[in-house]
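Just below is one structure, and these are the notes that go with it.
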Amino acid sequence: MMSERGVRWLLGVVIVLLVIFFVILGFSLWGRDEGRLRESEWLGKLGPSFEVENLYEGKDLVRFGGGEDLVLLNFFASWCVPCRAEHELLGEIDISVTGIAWKDKRLDAQKFLEETGNPYDFVGFDEEGRVSVLWGILGIPESYIVDREGIVRYHKVGPITPTLLEEEIEPLIERLKAEG
Amino acid sequence: MRLLLLLFLSLMLMGFEDKPLSDDELEQRAMELFERLGCPVCEGQSLGGSSSDLATSIRNVVREKLSEGMSEEEAVRYLELRYGERIRLSPKFEGGKVVVWILPVLIFFALCIFIVFRARSFRGD
């Protein structure tokens, strides 16, 4: 027979275990939601290179990657409402900008760029979403800054805003340019 | 919040289709794998159960990888490299996470022992 003291001790152990369990569970669920929207697995790593069709020149495949220049890689679509909001700002970015039309119709994407202006140095056409999965995108618009070594230095899910451009993107670009 | 909603709606709006493999056995393996994976943009939903465009793209890429000869585990690792461990519906049984798996079992047994001894002591009284 367990003594009264033993029973109390056991109850204490149960309570402590329960507390530990819920603390761990809480932290893991919290981190899960934050990471889901903000972090790319490629951040700080060599971004994957890919071949993609040119939006304007039919089936020709163009290779992205190799890190010759600073590049902003931007996933967009003509049907994506938030993409329209950031579109004009992309033209203000002082580095090479590559656009990837994600799961769009070729003509729709071309028409969208005709109407809103084309801020891209190159536009890839990713109708099946292969490039997007390769980069692990979570939503569009989504943008990455890749440095000259091909390392992903910046990631943003959602539209680029004037504040973001001024406070995060432009200072980073200046810093990366200074690094040479 | 409204912006996030718009983002997810953007992902849901367009209807691009699944491209099932012509090899029935391989397609079956792919379908089983989709049930073990989570959709990265739909909380708690399996990759197989999600109708979002992103999930459709991922399913088609996995089908391609399997038909190129990748094993299921290699395909999971391929996705894990891109979407992180959250792509697995059940977390891996390793490292510190073992505690999350083991603690409920320990709590259950400790509670059983507690109830049994408590009941005995009541009968003793």
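Where a number appears in this text, it was derived from the coordinates with a stated rule and is not lab data. The shown structure was predicted, so the numbers you read here are calculated from the model rather than taken from an experiment. Cβ: placed from backbone, ideal geometry, glycine included. Neighbour counts: every protein chain shown.
For the reader, a short list of remarks on this structure follows.
- Residues with amide H under 5 Å from that of A:E142, placed H, sequence gap 5 or more: A:F75, A:G158
- Over chain A, dividing the summed -39,500 (n - 2.57) contributions of all DSSP H runs of at least 4 residues by the number of residues returns a 222 nm mean residue ellipticity of -13000 deg cm²/dmol.
- Residue-normalised convex hull volume from the C-alpha trace of region A:50-179: 93 Å³ per residue.
- Contact order normalised by residue count of chain A, Cα under 8 Å, 6+ apart, percent: 26
- Separation between Cα centres of region B:28-96 and region A:74-147, rounded to whole Å: 25
- Scaled to the globular estimate 2.2 N^0.38 Å, the Cα spread of region A:104-180, given as radius of gyration, is 1.25.
- Residue order, fewest to most beta carbons within 10 Å, for A:V71, B:V105: B:V105, A:V71
- Cα-based equivalent ellipsoid, region A:125-164: semi-axes from gyration tensor eigenvalues, Å: 19, 16, 8
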